[in-house]
Amino acid sequence: MEHTRDRDRNFQEKDKEFIEKLVKLNRTAKVVKGGRRFSFSALTVIGDRKGKVGYGFGKANDVSEAIRKSVEKAKRNLVALPIKNGTIPHEIQGVFKASKVLLKPACSGTGIIAGGPVRAIMEAGGVTDVLSKSIGASSQYNVLKATFACISKMMDAKTIAKNRGKSLKELWG
């Protein structure tokens, strides 16, 4: 009996290659003749802890359905997050509407110094040490989009070397 349970647990581990983080769950009410009709929206971040992250936004009349929809959307728009020694390769700033996010690389042992959506993204992406500051509007959706703007602008060593027409060895010395 125990062997089947163990096998099930291993199967679930393989099935869930992504870590899912719920950033925001919002309940809205529509007033109808019979009372209030509730609807839910979920903002989720997923990642494989190896440099791939994505986010999704889902709406439904049920909490679990909204979360499921947001996870499905997140799986569809995964982006690569360049990681160098457990941190990001360079300092970067991302802007989305009134939200501004500043990300700085940190030395080993610092941990993730970030709040809310930025922390969720960095944990899901596999970054262990990073400093961040969220400036301007604190809307979780906008902060999340600003962080993904940072990620899309980030360059890893290979692309920098390619752009300069040099090898990785020449770049690092």
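What do you reckon, is residue 43 in the same structural domain as residue 145 (by TED's automatic domain parsing) and in a strand (DSSP E or B)? Walk me through it before giving the result.
Details: in the same structural domain as residue 145 (by TED's automatic domain parsing): no; in a strand (DSSP E or B): yes.
Considered against the rule, which asks whether it is in the same structural domain as residue 145 (by TED's automatic domain parsing) and in a strand (DSSP E or B), residue 43 comes out as no.
The residue that is farthest from residue 144 (Cα to Cα), counting only those in segment 39-56 that are polar (S, T, N, Q) and surrounded by fewer than 23 Cβ atoms within 10 Å (Cβ to Cβ), is 39. Residues in segment 14-54 that are closer than 11 Å to residue 125 by Cα and of a type in the set (Ser, Thr, Tyr): none.
When we screen 71, 79, 118, 127 for residues that are part of a strand (DSSP E or B), of a type outside the set (Asp, Glu), under 16 Å from residue 46 (Cα atoms) and within 12 Å of the chain's Cα centre (by Cα), the only hit is 79. Pairs meeting the criteria (first residue in segment 138-167 and on the phi < 0 side of the Ramachandran plot and in a loop (DSSP other than H, G, I, E, B), second residue of a type in the set (Gly, Ala, Ser) and surrounded by 14 or more Cβ atoms within 10 Å (Cβ to Cβ), beta carbons under 7 Å, at least 6 apart or on different chains) are 139/99; 167/161. Residues that are within 15 Å of residue 23 (Cα to Cα) and not assigned by TED's automatic domain parsing to the domain that holds residue 17 do not occur anywhere in segment 85-103. Looking at the structure I just gave you, is residue 55 under 15 Å from the mean Cα position of the chain (by Cα), assigned to a strand (DSSP E or B) and touching a residue at least 60 places away in the same chain (Cβ under 8 Å)? Here the answer is yes, as residue 55 does meet what is asked. Looking at 59, 69, just one residue is closer than 15 Å to residue 23 by Cβ, surrounded by fewer than 17 Cβ atoms within 10 Å (Cβ to Cβ) and at pLDDT 95 or above, and that residue is 59.
The values are calculated or read from the model by the stated rules, or taken from the named source; none is laboratory data. Since we're looking at a predicted model, the values are computed, not measured. Because the Cβ atoms are built from the backbone with ideal geometry, glycine has one as well, and the counts that use them run over all protein chains shown.
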